[in-house]
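Colleague: Structure provided below as structure tokens; questions to follow.
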Amino acid sequence: MSYSSYGSEPTGRPDPAGDAGGPARPGRRRRSPQGDAPAGGHPASHSAPAYDQGSGRRAAGPPDAEWNTAQLPPPARPGSAPGPRPAPADPRARAGDPRRGPVDPRTRRSEAAFEDTQSMGQVAGARPAAPGPRREPPGAETVVSRESRDPGPRRSRRAPGGPGRPGGPAGPGEPAGPGRPGPDGRGPGDGPPGGRRARRSSDGEPPRRGWTRFLPNWKIVMAAFVVIAAGVFGMIAVAYANTPLPDERSAKETATAQGSTIYYANGDVMARLGTERYTLDSLKDDVPAVVQDAVIGAENDTFREDSGISLSGMVRSLWSTASGQQVQGASTITQQMARGFFDNLNNERSITRKVKEIFIAVKLDKEWEKDKVLLYYLNIVPFGRNTYGIEAAARSFFGKKTKDLTAAQAAYLAGRIQQPGNFDQQEANKNFAGTQERFNYVIRQMAKTWPDKYADLPNTAKFPKIRAQKVRNNLSGFRGYMLDAALAELKDRLPASVLKSGGYRVYTTFDKKLMQAAADAVHNNTRPLSPEIHTSLAAVDPRNGRVIAFYGGKNYLGKHPDQFNDAFAARKQAASAFKPYVLAAWLHAGYSLNSFVPGNETVPKVLEGTTKVTNEHSMPAAITVTSATAHSINTAYASMAYQVGLDKVKEVAAGAGIPRDELDRDEAEHKYLMSIGTALVTPLEQAGGYSIFANQGKHYKTHVVLRVEDANKNVVIPEDKSFTQVISPSESADAVEALRAVVKEGTGRGAALPDRPVAGKTGTNNQNKEAWFVGFAPQLSTAVGMYREQCVNKKGKILTGREICPNGYIGKEISLGNIQGATYPSQVWKAFMAAAMNGKPVEQFPEPPRGGEPENIVPSPTPTPTPTETDPGFPDGNGLPDGNGFPDDNSGNPDNNGDPNNNGGGCLPWDDSCNNNNNGGGGGGDPFNQGNAPADPATPTPTPSAPGGRRSTPAPSR
């Protein structure tokens, strides 16, 4: 900016007449390229020479050398040390001037203005001029500001306060500039120090300081809000337009829908879900006004006026829920009816469900009359006791029709709509407090909403007498377990809420006669045992995966109801009943049954991450795989798993239906102990898993639903017939050959059937906490498992002799005593299979090809193998030479030859069904120790089982 706006520019040199600054040629204000002027201004002793700068063309300046010399700073005084440049002196302070005092070095506003003027002139090409005195206005005092600070070597071009400009000091020889007051002024003007001029933003707003400068501009925020709101409104409009509305026909079908029926495999009725409906056709003729008012007062008192939704109701619901006094829901009657029409809305629990419900309610309110909405609502709403609709509820609770209900009875039924299931449970326990409270609420609502009709009702209405419920015996005995199993399988495709009103026909795989046979086999063979002992059974058809029968508990609804299905949910250690999966992996890897495996120690001796694996009795150094299977040799099977790899074992077991996550968890915790049975399984999984041996290597997923038909008998859910080929038919046949040896001469001899071939495997873990027998015929695979629990509370108090633990107690698993896989489990299995196979054709297993390569994984010298099932019997009658249980080699137990306690008629060393009357005491299960000696220190110590949950903590098996 030119100084011409504020007067002529000072020359910067003394006036010869009166030391007054003469006018200077107007020019641009620029800084000298040499930087700021030296401290103290330009004293006469070394100031630049003055040249005439009058009007007209500028006179020629001195030569460049003279000009450059003139720009040099004054020489330092001798002896002075270098240091910071002193503050410039006030050029206006003249000798003898009484108004001037000593110049404060911290105040140099006038000097800065002078230096700026000189710099501007030099940049413009003019010669520097000597400073001239400042003209003071008449009567004005010169004030030196003590608040200003040294501006530093450079000054910002944006900073106000230049000479003659607003907010700055007066230029040399000119009156003071019109300063704007402010704390950042650079020099004295004719008023308070000038302020620093604020920089404005592009939109004209003053700049923001501090944290506010990080906030977005309000205009941007408003624009973004408008865009988002428009998008949301558009999405809502599209969703509303695409929301379907049920027509009157579908509404009628929904209102008249029937409950569903569950059938046995032969077509006999097992159970029914829901109830038969009584549909009302006319609100005016069939539903009296008192019933309508009771329902409206209880559920939606603005029903006649609202538009299908109630914003006030939503707010009220939030408040009452937060305060713990919720009495009326947020959904209107129209919304509840919309939810009843669409099953998917009834099952969803999300904001999307609520939005759909609102859209349908608004559409219904626009297109249907209020009376029609209320009529259909009263025909579909549940009231408890498996009743749907007001007419069914009136008959169930009061034994009368809807049109005959009193005001008190109508209020009771209307109050039940809020929580019908909870009220059922409370009243079943003779607790009527909940329904009494709701009854009183409905009465008050009726009096408040229609005072002209019901003002006296709170004083006259009494809680009505309720008719006793007629209990349908759907769930007693084992029917409850079957129904639970079917509903669990269908829950992802047809939830129970849909089945109760959909009129479906569900055909299950259960054989009614075999279900009873399973219960009889358990009861008849475990009668003398403690109630603490749980026995479960599952039977699967290996040709299709159908669950034919099971036993999961004594009574679903008995004196001590037990709704935990042991057959489907009790996950326990498989013990040696897991070994057939290792056998299948061995054969699948290309090894044969004739391979030699170690009988008394693992190969290698130390298995990584695994405690030492031993047998409870001595065995030969090398035995065949068939013999190792028949006599359940731990060292052999751990070595076989090491040879093929645990991944291969898990692959076979998972293909047979054992959950992969359980297998992975077991491997991580127990490594190679998994091969001898630390994995957790259920009886159903074991029965389905052994189907790969009974059905030539194929595994069908176990299931309990044959098909589901709708009300018109159309199949809506067919049977799943897919299968997996886990091992080849030849490998399966070889595995069956080894498992048949278990029943012929091994630990499972007690399970043999006299009229047909069977195969299987026993299982007993350490401490006898779980005992199994899993076996099969070509037509049926069955698993039997047993475990024992005592009831313990948090204080350690034990309740004995209880099958079901009361509240406050949990089940703690304890030893079964002398029960092993070859005793009670084998007996139960045999009794059931005899009944199940009665009258069935006798089928033979395929001939074993005995394929694969014989492998000897026992370190040399190669020992003589033990006899197999093809070897001739022994003359002493116990199947063993010399009466000692072992072939004559150094690995046997020769000291037992003349043992008077054995007498040649004791337990076989591999028979875990017998322990020489030791009964688990003293000798830790050693069949040659009758309690007179300590247990073998080499026997692995089991991991203790965790209490509760009917789920074992894994422990090494035998």
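Read-outs throughout are calculated quantities, based only on the coordinates presented, and are distinct from any laboratory measurement. Owing to the predicted nature of the structure, the values given are computational and were not obtained by experimental measurement. Using ideal geometry, Cβ is built from the backbone for each residue, glycine included, and neighbour counts are taken over all protein chains shown.
Colleague: Past 25 Å, Cα to Cα, is the threshold; run Lys462/Lys500; Lys650/Lys698; Lys572/Lys761 against it and keep the listed order.
Modeller: Beyond 25 Å between Cα atoms: Lys462/Lys500.
Colleague: Ranking request for peptides 703-709, 516-522, 433-439, 228-234: highest mean number of other beta-carbon atoms within 10 Å first, then the rest in descending order. Display every interim value, and only then the final one.
Modeller: Values: 703-709: 20.0, 516-522: 21.6, 433-439: 17.0, 228-234: 10.0.
Put in order of decreasing packing, that is 516-522, 703-709, 433-439, 228-234.
Colleague: Amide H neighbours of Ile548 under 5 Å, counting only residues 5+ apart in sequence or on other chains, H built in-plane at 1.01 Å?
Modeller: Counting only residues 5 or more places away or on other chains, the set is Ala539, Val540, Asp541.
Colleague: Residue by residue through the range 366-371, which ³J(HN,Hα) values in whole Hz follow from phi under the Karplus form 6.51 cos²θ - 1.76 cosθ + 1.60 (θ = phi - 60°), with glycine and proline marked x?
Modeller: Karplus-based 3J(HN,Hα) across the range 366-371 equals 6, 9, 10, 6, 4, 5 Hz.
Colleague: Separation between the Ala289 and Ala711 pseudo-spin-labels, each 7 Å from Cα along Cα→Cβ, expressed in nm?
Modeller: Each label point is offset 7 Å from its Cα along the Cβ direction, giving 3.4 nm.
Colleague: Okay, moving on. Check cross-link reach from Lys372 to the lysines: straight Cα distance under 16 Å, and skip same-chain residues fewer than eight apart.
Modeller: Straight-distance partners of Lys372: Lys252, Lys284, Lys363.
Colleague: Sticking with this structure for a sec: Amide H neighbours of Glu770 under 5 Å, counting only residues 5+ apart in sequence or on other chains, H built in-plane at 1.01 Å?
Modeller: Answer set, sorted by chain and number: Asn765.
Colleague: Still on this structure: Val238 to Asp281: extension gain in nm, 0.36 nm per residue of separation minus the Cα-Cα distance?
Modeller: Net length gain for the segment: 12.0 nm.
Colleague: Sort Leu273, Leu557 so that the residue with the fewest other Cβ atoms within 10 Å of its own Cβ comes first and the one with the most comes last.
Modeller: Ordered from fewest to most neighbouring Cβ atoms within 10 Å, Leu273, Leu557 come out as Leu557, Leu273.
Colleague: In nm, to one decimal, how far is the Asn838 label point from the Lys448 one, both placed 7 Å along Cα→Cβ?
Modeller: Between Asn838 and Lys448, the label points sit 6.7 nm apart.
Colleague: Where does the charge balance sit around Phe773 when Lys and Arg score +1, Asp and Glu -1, over other residues with C-beta under 10 Å from its C-beta?
Modeller: Value of the local net charge: +2.
Colleague: Quick check: net charge around Met837, other residues with Cβ under 12 Å of its Cβ, Lys/Arg +1 and Asp/Glu -1?
Modeller: +1
Colleague: Ranked highest first by the average count of other Cβ atoms within 10 Å around their residues, in what order do 834-843, 406-415, 773-782, 259-268 fall? Walk me through the numbers before you get to the answer.
Modeller: Values: 834-843: 13.2, 406-415: 25.3, 773-782: 27.2, 259-268: 16.7.
Descending packing order for the listed peptides: 773-782, 406-415, 259-268, 834-843.
Colleague: Let me ask another. Using 0.36 nm per residue, how much length does the chain from Arg213 to Glu305 gain when fully extended, once their Cα-Cα distance is taken away?
Modeller: The Arg213-Glu305 span can extend by a further 28.0 nm.
Colleague: Can you figure out the FRET efficiency of Asn422 with Arg850, using R₀ = 60 Å and their beta-carbon distance, to the nearest 0.05?
Modeller: Computed FRET efficiency for Asn422 and Arg850 comes out at 0.40.
Colleague: Which cross-chain or sequence-distant (5 or more) residues have an amide H under 5 Å from the amide H of His534, H modelled 1.01 Å from N in plane?
Modeller: Tyr787, Arg788, Glu789
Colleague: Still on this structure, I have one more. Through the Karplus equation 6.51 cos²θ - 1.76 cosθ + 1.60, θ set to phi - 60°, convert the phi angles of the range 489-496 into ³J(HN,Hα) values in whole Hz; use x for Gly and Pro.
Modeller: So the J values, rounded to whole Hz, are 6, 9, 4, 7, 10, 9, x, 4.
Colleague: Can you work out the Karplus-derived ³J(HN,Hα) for every residue in the range 745-757? Use 6.51 cos²θ - 1.76 cosθ + 1.60 with θ = phi - 60°, whole Hz, and x for glycine or proline.
Modeller: Karplus values, whole Hz, x for Gly and Pro: 9, x, 6, x, 4, x, 9, 5, 9, x, 10, 7, x.
Colleague: Let me ask another. Please give the FRET efficiency for Lys430 paired with Leu529, using the beta carbon to beta carbon distance and R0 = 45 Å, rounded to the nearest 0.05.
Modeller: 0.80
Colleague: Now for a different question. Could you tally the net charge around Gln445, taking each other residue with its Cβ under 11 Å from the Cβ of Gln445, Lys/Arg +1 and Asp/Glu -1?
Modeller: 0
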